[in-house]
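Everything on this sheet refers to the single structure shown next.
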Amino acid sequence: MGSPGALKMRITYSPNRLTLNDAIRPQSMTTHTPEKWFATPIWRINIEDVDVVNETIFAAMASLPEDEGGINRSNVGGWHSGTQLYKAPGFETIRQRISTTAVECAQSLDFNFDTHALVLKEMWLNRNGPGAYNKAHIHPGSFLSGVYYVTVPEGAGAIEFTDPITARTMAGYPMAKANAFAVRSIRVNPKPGLMVFFPSWLQHSVSPNTGEEERISISFNIGYRPRGKAQLADDQANKGSALGSKFE
């Protein structure tokens, strides 16, 4: 709200509620310019050194037990590894990229790092071959969720997010073009090196892989926990670190 041309107003704050009092609009903003509230954030980040990152992932995949059975969650077809992949050797590089990006996303939401630290709760590997897809679902019990795309063959299928405000469906209107106020869903086409973050409560699905090769991705869930005195002391000792004790 401090950026040039942004809406300036006096705000009364209480947990999970904002009261807007005596809004003051810049002269460049007309009375017909809508304010945007109840926002749904989605982050799309292109990871640097994607070839280096993916090389470590392929090497780590080769060391996974060949007889490890997959699990079924929202996936229909394909292979879904166990959810403790972040503990497996060889995945340190992608785990670090996920942690760093999670902190940056949380900072953009004004997450309170003075009282809480982020936690990587789950991380798993997806191998979706021809015809495989994921049913619409959410990720209960987490704060942020995301996916990192390793290989994306032609026709691999996109991730689709659904408008969380279901009441909006009862009052649609003819749009001249798609916009943030009335769009019903958003599709994000994957590509190697793309990392997508979103709120864990946001419903999403993955369309079928219509290609002939498998799509490989790594998904993850981020939670948080209260910080203790030891974490606060560690944060003081690591002020020069990018993460400090923001992420456990």
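Laboratory data are not the source of any read-out in this text; all were calculated from the coordinates shown. Since the structure is predicted, the reported quantities are computational estimates derived from the model, not experimental observations. Note that each Cβ is placed from the backbone with ideal geometry, even for glycine, and that neighbours are counted across all protein chains shown.
Quick one: divide the alpha-carbon radius of gyration of the stretch 38-237 by 2.2 N^0.38 Å and tell me what you get.
Taking N as the residue count of the stretch 38-237, the ratio is 1.09.
List the pairs from LYS121/LYS177; LYS36/LYS121; LYS87/LYS191; LYS87/LYS135; LYS135/LYS191 whose alpha-carbon separation is above 29 Å, in the order I gave them.
Violating the 29 Å Cα-Cα cut-off are LYS121/LYS177; LYS36/LYS121.
Ordered by packing density, taken as the mean number of other Cβ atoms within 10 Å over each peptide's residues, highest first, how do 85-97, 118-130 rank? Before the final figure, lay out each step's value.
Values: 85-97: 16.7, 118-130: 19.8.
Top to bottom by mean Cβ count within 10 Å: 118-130, 85-97.
Quick one: compute the contact order of the stretch 58-131, relative version, from alpha carbon pairs under 8 angstrom and 6+ residues apart, as a percent.
Rounded, it is 44 percent for the stretch 58-131.
In Å, what is the Rg of the alpha-carbon atoms in the stretch 80-146, and how long is Dmax?
Rg, Dmax (Cα atoms, Å): 14.1, 46.
Can you sort VAL183, VAL50, VAL152 by how many other beta carbons sit within 10 Å, fewest first?
Going from sparsest to densest Cβ surroundings: VAL183, VAL50, VAL152.
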